Amino acid sequence: MSIRSYQRRTFLKSAGVCLALPVLESSEAARAASASRSVPQRLVCIGNEFGMYPDAFWPKADGRDYELSPLLKPLQEHRNDFTLFSHLDHGLKGGHFAIHGFLTGVKAADARNLPEGGISLDQKAAEHVGAQTRFPSLAIGSDNGVHGGCQMSWTRTGTRVPPIPGPRELFRQLFLEDGAEARRSATARIQLQESILDAVLGDANSLKRKLNKSDGQKLEEYFSSVRDVERKLELDRQWQQVPKPETDLSEPVNQGLVKDMPAVYDLIALALQTDSTRVATLEIGHSFAVQDLGIKKGYHSLSHHGKVQANIDLLVQIEMYQLQQLARFLDKLKSIREPDSDGTLLDHTMVLHGSGMGNANSHTNSDLPLILAGGGFQHGEQKRYPAEGRSRVPLCNLFVSLLQRFGVETDQFGTSTSTLTGLS
Amino acid sequence: MFARLPLLLLLLFITPVNVRAEDGPLPPFLKQHCVRCHGAAKQNAERRFDVLPRTIDNSNVLAEFQDILDQLNLGEMPPADEKQPTDAERQQVVQWLTSTIDDYHSSHRATGGESILRRLNAREYRNTIRDLLHLNTTMFDPTVAFPRDQTVEHLDNVGDTLVTSGYLLQQYLMAAESVIDKAVFPLLQPEVKTWKFTSNFKQQPEIDQVHGKTNGFRHMTLYDVPGADKPEGAYGPIHAFREGVPFDGIYEIRIRAEALNRNHPYSDAIVGTDKTEPLRLGIVPGDHTVGSLHLPQPMEPLLAEIELADKPAWYTVRVWLDAGYTPRFTFQNGLMDARNLWKKIVQKYADEFPEPKNPGIVEHRFNAIKYGKLPQIHLHEIEITGPLYDSWPKPSQTAVLGDAAATVLESGELTDAQMRAQLQVFASRAYRRPASLDEVDRIMQVVDSQRQSGRTPLEALTDGFKAVLCSPAFLYLEEPTRDGTSATALATRLSYFLWSSMPDERLLELAANGWLSKPDVLDAEVRRMLADEKSDAFIDGFLASWLALRDLGSMPPDRDQFSDYYRFDLKSAMLEETRQFTRHLIDQNLSISNFLDSDFTFVNKALARHYDLPAPADIGFHKVALTDRRRGGLLGQASVLTVTANGIDTSPVVRGVWLLDNVLGTPPSPPPPDVEPLDPDIRGAKTIREQLAKHRTNASCNDCHRKIDPMGFALENFDPIGQWRATYRKKQPIDASGEMPDGTTYNDMQSFRAILVAQHELFCRALTSKLLAYATGRQLEAIDRPHIDQITDQLQEKGNGMADLIRLVIHSPVFHEAPVPN
């Protein structure tokens, strides 16, 4: 056993999980997997339905020396771990009907005309991870909400990624083995695909003999694609055999997202730590019932505070709770040492907290309340971008920067015009 | 290196053009008229002529010489404000260039550039699957998860650009599985069932709160059109049937429906529906796993459309539904954004509604629905019966199992010999040529190994079919070879050109016995293929590649400013107009000059309204004569005018570049990297013309913009969705006049069009080049030029018919011949 995997295992044990790795250590695919796992980059996106009350969220000053706004107080300890961006958004309109564009930059109805079908930031990253982790991504949230709710994750086919409803289901996915039938059919598919690849490789070799040089070079793409898929199938096969991590935790009960938030964040941290996934998305939507915070009025109606101070106070109380939980999550990520590196899990995890709603009282989708933490960026300031119509910077530029940091070779995402200037 | 570099630079400066008599007239001409702007000091448009070789020694030089010749012939260079060569000088150089270029072509191979091995693009893959397996692809798209194909010059079928990646191959594997499973299963004909729905018609949270109180969900109620921004009652789903139908097939849908309040008592301007036309009920499929059934979904073909009587009545339609899809009902000519309309109605007609207690969306909606008389459709009873089949085994089962399908499906029995035989037949169709023994052997290995893992013979055979769909022999098109070893390659090339799909049996047969290469047989086949509705794929694919119409909708028009675009589904109508127009030119072999100016076009009601033309009486598209020629030709068509705008405002630069690029085939150079981009200021009082005028005072901008801007100014009377306008939004008047680079002026769109029509030769060459590139799946090169010129000459003689052009392209040596082995 190499020192590296030994460290990883003790690390997992100390985290309350035990991952058995015997099969992985023998094969080439396993080496590939563990090499690429040396210091992976992760992405966690969190969004709510109604944004943040602007007057309590945005600090007055720019740069590093801004005074923390009331809503940012819970993040005091992490002040140098996150960045704020004023005047970033997607230029969308439609209030509740446009918040689902938070991670895509476009409304779903317009997505079908776009080159990548309106894929969301998290799913674009998940495509990049592919079979390197057991779950390309985990999306946690709820199916409902005001006019559909958050709806943050979208594939390139224009399909919404069905959310995992609560900590119980998340726990089951992470730690409970699939049923025998599901495993059998997954194994059968891998076997068939491998057999097909053998046959078509023969076809390609025989075709190649008939081609001239330039066409032969073109066919090389096919050969290397076959090799890529073979590697992927090998990894899929490994995942079938590698047991899921063991845990001392017992299965949680779903109690609604307000109460479940600590558990959900802990499970996300655990999923990243065990490299079960590198991409997680959390929707603070319908399942976040503010009655559980002792508030009698509805979250939606409070977001339409009508500038009534009593309503605003309650709204800020709700949002404060969300940011307290974010702070707790950042604490957690920071407390976990990243094996094979000098840093912490937070240093290798980009956490983007925000909303597709800028100001719920006026139903605007501009000036989105974004907090970007971790991921090894230089943090600690509020960055200001132009507020004027034509020179505004699309939020998708930030997404390009995040994707590049994640390892995706791209210079374009959604409505981007470049990477985000000023972020390093 | 240090020592040599300055010397080299020095040489360039001292001996820019070393004139000798045997070099011909070009070097002195260039030196005198061109090198100042295209030389060592400046390289305008990235061209440099002081170091140009004296003769054509490679295809790059050929391209440069051709470019110089074209510019001189056009009279575009030297610019009008520079000293001009004499006519004799110009003529001498033109003659010399023409003969030098001719010499080069005649001493080089006559095949033109090289084709390159190319794979099916997503469009071709989907059509090929449809024809290979006889599958209904109305709502089945096996390519939905494929990465988008890369395009070059809008072409989506260029071999070089169509890459294959591991990710794509993975998608091929998944697609093969879903395609074959869909073709073969279920093995036995499913029983016909009937589902009835007569109550509990809940639809969506927003309106359910009202319907529960007003009608107890006794009927479904449709308000909005499908294009509404915040739809309320735009898609009527049957929630009790959300899992959809259990099997692919035809389903009979019976509906008791009622059209209410067609003659509503409110202002037409507010409601916006057409009182003269019956309310139209639509049926679209829905998949609850994709998203909410009351909202738009990515896969949404209109399966049926019914004109409703005002009184309740039964209607019956038969529609195809794939397993898992549930029918959803739509109001095709309904309200736009009912959500905003509720308030408008209860406020404007306050007397007819109760005094609001808590004014707000909830109460306005309640009152408008309970007490109002807005047009709406009620569905009282719905019955769904199916699946029904025209034949069993279904066509897709016969496509893979042949005549034995019925027995094989019943018994599940298959001998090895039968399996081999079926694989041989299927693979030969899939590969568009006879499959070799080796190839069949390799598939049999898949079948055998699957049988060993416990699959039944029939299941294992279907696994073999999946392998066929992942083979490079299926995924890559066979190219014609010069020695003519593959007769079937011509059939393949022809069929992917005109059908974007596989050749049919007849084509392959004609190819196999050698008849297809006979000119009269080929002509007859081309006629047959163009008459087949599969050639719609050609019209669609070619228009997307030529006019960039694929991008229509990628910059969605502003919803507030252009709500008609969404209300009347103008995007589909725009595309349909250009398609039908092109189809008409082909069918009637009308002159390609109609693309620039015509006295007819095709419109439906919505488009007629958009164009301010008299509306046709019936649904659908109709040919209309244009007495006012503003809409004549492509430049009057909203598809083109919309795709060249950004959905918010128009830019003469974008439209000008589009015209130069696609219509005239003379793309301007891209802006120099250091240029300050034009930042349209829509708030200020300046018009775009004033802003551009300022831009053109900069000499380096003026070089290109004097060519670009006048092309776009003429179209300024058309707004971002192609509607005619006399003023901009701020009421500034529109000036659609301009001056061409050669000094010709025009006053408006009409006189500009005359200038354009006079450029017939350029237009014809551009269209021919594009068609040839689309037909062969490669970008054209300078070496292809003689073939293009030959086609355009012959076309001229024949009278410029569009169908003739297609035939000339197909008879061209470039179409028949292919890569030279190297």
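Assorted remarks:
- Odd one out for B:Asp181 among (1) within 14 Å of chain A (Cβ to nearest Cβ); (2) buried (at least 18 other Cβ atoms within 10 Å of the Cβ); (3) modelled with pLDDT of 90 or more: (2)
- Test: B:Leu575 is away from chain A (no Cβ under 14 Å), in a helix (DSSP H, G or I) and either in contact with a Ser or Thr (Cβ under 8 Å, 6 or more places away or on another chain) or aliphatic (A, V, I, L, M) (or both): no
- Flag if A:Glu177 is modelled with pLDDT under 95 and either more than 14 Å from chain B (Cβ to nearest Cβ) or in contact with a Cys (Cβ under 8 Å, 6 or more places away or on another chain) (or both): yes
- Unique residue being more than 37 Å from the chain's Cα centre (by Cα), part of a helix (DSSP H, G or I), away from every other protein chain (no Cβ under 14 Å) and touching a residue at least 12 places away in the same chain (Cβ under 8 Å) when the list is B:Gln418, B:Gln450, B:Gln424, B:Gln397: B:Gln418
- Taken over the range B:164-176, residues that are of a type outside the set (A, V, I, L, M), touching a residue at least 24 places away in the same chain (Cβ under 8 Å) and facing chain A (nearest Cβ under 8 Å) amount to 1.
- Test for B:Arg630: is it in a helix (DSSP H, G or I), over 28 Å from A:Asp110 (Cβ atoms) and of a type in the set (D, E, K, R): yes
- Taking the conditions (1) assigned to a helix (DSSP H, G or I); (2) in contact (Cβ under 8 Å) with a residue 12 or more places away in the chain; (3) under 27 Å from B:Lys518 (Cβ atoms) in turn, B:Phe752 satisfies each one other than (3).
- Checked across the range B:272-292, the condition of being more than 30 Å from A:Val146 (Cβ to Cβ), surrounded by fewer than 17 Cβ atoms within 10 Å (Cβ to Cβ) and within 26 Å of the chain's Cα centre (by Cα) holds for no residue.
- For the range B:427-443, residues that are surrounded by fewer than 20 Cβ atoms within 10 Å (Cβ to Cβ) and either among the aromatic types (Phe, Trp, Tyr) or at the interface with another protein chain (Cβ under 10 Å from one of its Cβ atoms) (or both) total 3.
- Unmet requirement for B:Lys213, which otherwise passes all of (1) in a helix (DSSP H, G or I); (2) away from chain A (no Cβ under 14 Å); (3) surrounded by 15 or more Cβ atoms within 10 Å (Cβ to Cβ): (3)
- None of A:Glu169, A:Glu230, A:Glu251, A:Glu194 is more than 7 Å from chain B (Cβ to nearest Cβ) and either within 20 Å of B:Arg119 (Cβ to Cβ) or assigned to a strand (DSSP E or B) (or both) except A:Glu230.
- Of all residue pairs spaced 6 or more apart or on separate chains, those with beta-carbon atoms under 6 Å, a first member in the range B:72-97 that is closer than 11 Å to B:Phe29 by Cα and a second member that is part of a helix (DSSP H, G or I) and aromatic (Phe, Trp, Tyr) are B:Val93/B:Phe29.
- Of residues in the range A:362-391 being in contact with a strand residue (DSSP E or B) (Cβ under 8 Å, 6 or more places away or on another chain) and of a type in the set (D, E, K, R), the one farthest from the other protein chains (Cβ to nearest Cβ): A:Glu381
- When the range A:205-227 is filtered for residues that are more than 18 Å from B:Tyr167 (Cα to Cα), facing another protein chain (nearest Cβ under 7 Å) and either modelled with pLDDT of 90 or more or surrounded by fewer than 15 Cβ atoms within 10 Å (Cβ to Cβ) (or both), the ones remaining, listed by number, are A:Ser206, A:Leu207, A:Lys213.
- Scanning the range B:228-242 for residues that are more than 21 Å from B:Ile361 (Cα to Cα) and either within 13 Å of chain A (Cβ to nearest Cβ) or in contact with an Asp or Glu (Cβ under 8 Å, 6 or more places away or on another chain) (or both) yields a single hit, B:Arg242.
- Single residue of the range B:463-475 satisfying the filter (hydrophobic (A, V, I, L, M, F, W, C) and assigned to a helix (DSSP H, G or I)) that is farthest from the other protein chains (Cβ to nearest Cβ): B:Phe465
- Selection of the range B:784-822 for residues being among the hydrophobic types (A, V, I, L, M, F, W, C) and within 23 Å of A:Leu211 (Cα to Cα) yields B:Val814, B:Phe815, B:Ala818, B:Val820.
- Residue count for the range B:693-730, restricted to those that are in a helix (DSSP H, G or I) and either under 28 Å from B:Arg559 (Cα atoms) or touching a helix residue (DSSP H, G or I) at 6+ places or on another chain (Cβ under 8 Å) (or both): 16.
- Listed by position, the strands (runs of 3 or more DSSP E) contained in the range A:281-388 that have at least 3 residues being crowded, with 19+ Cβ neighbours inside 10 Å and under 22 Å from the mean Cα position of the chain (by Cα) are A:349-355, A:371-374.
- Each residue in the range B:51-90 was checked for being touching a Ser or Thr at 6+ places or on another chain (Cβ under 9 Å) and assigned to a loop (DSSP other than H, G, I, E, B), and 3 of them qualify.
- So B:Arg493, is it crowded, with 22+ Cβ neighbours inside 10 Å, among the basic types (Lys, Arg) and closer than 29 Å to B:Ala803 by Cβ: yes
- Scanning the range B:755-785 for residues that are in a helix (DSSP H, G or I), surrounded by fewer than 16 Cβ atoms within 10 Å (Cβ to Cβ) and not charged (D, E, K, R) yields a count of 1.
- Filter result for A:Thr247 (touching a Gly at 6+ places or on another chain (Cβ under 9 Å) and polar (S, T, N, Q)): yes
- Tally of residues being at pLDDT below 50 and buried (at least 19 other Cβ atoms within 10 Å of the Cβ) across the range B:18-35: 0
- Members of the range B:453-462 that are part of a helix (DSSP H, G or I) and surrounded by fewer than 20 Cβ atoms within 10 Å (Cβ to Cβ): B:Pro457, B:Leu458, B:Glu459
- Of all residues in the range B:132-163, those satisfying the criterion of being outside any loop (DSSP other than H, G, I, E, B) and either at the interface with another protein chain (Cβ under 9 Å from one of its Cβ atoms) or over 23 Å from B:Leu772 (Cα atoms) (or both) are B:Leu132, B:Leu133.
- Number of the condition not met by A:Lys218 [criteria: (1) of a type in the set (Lys, Arg); (2) in contact with a Gly (Cβ under 9 Å, 6 or more places away or on another chain); (3) more than 17 Å from B:Asp160 (Cβ to Cβ)]: (3)
- Looking only at residues of the range A:152-165 that are of a type in the set (S, T, N, Q) and within 8 Å of chain B (Cβ to nearest Cβ), we find that the one that is nearest to B:Ile207 (Cα to Cα) is A:Thr159.
The values are calculated or read from the model by the stated rules, or taken from the named source; none is laboratory data. This structure is a prediction, so every number in the text was calculated from the model and none was measured. Glycine also receives a Cβ, built like all others from the backbone with ideal geometry; neighbour counts cover every protein chain displayed.
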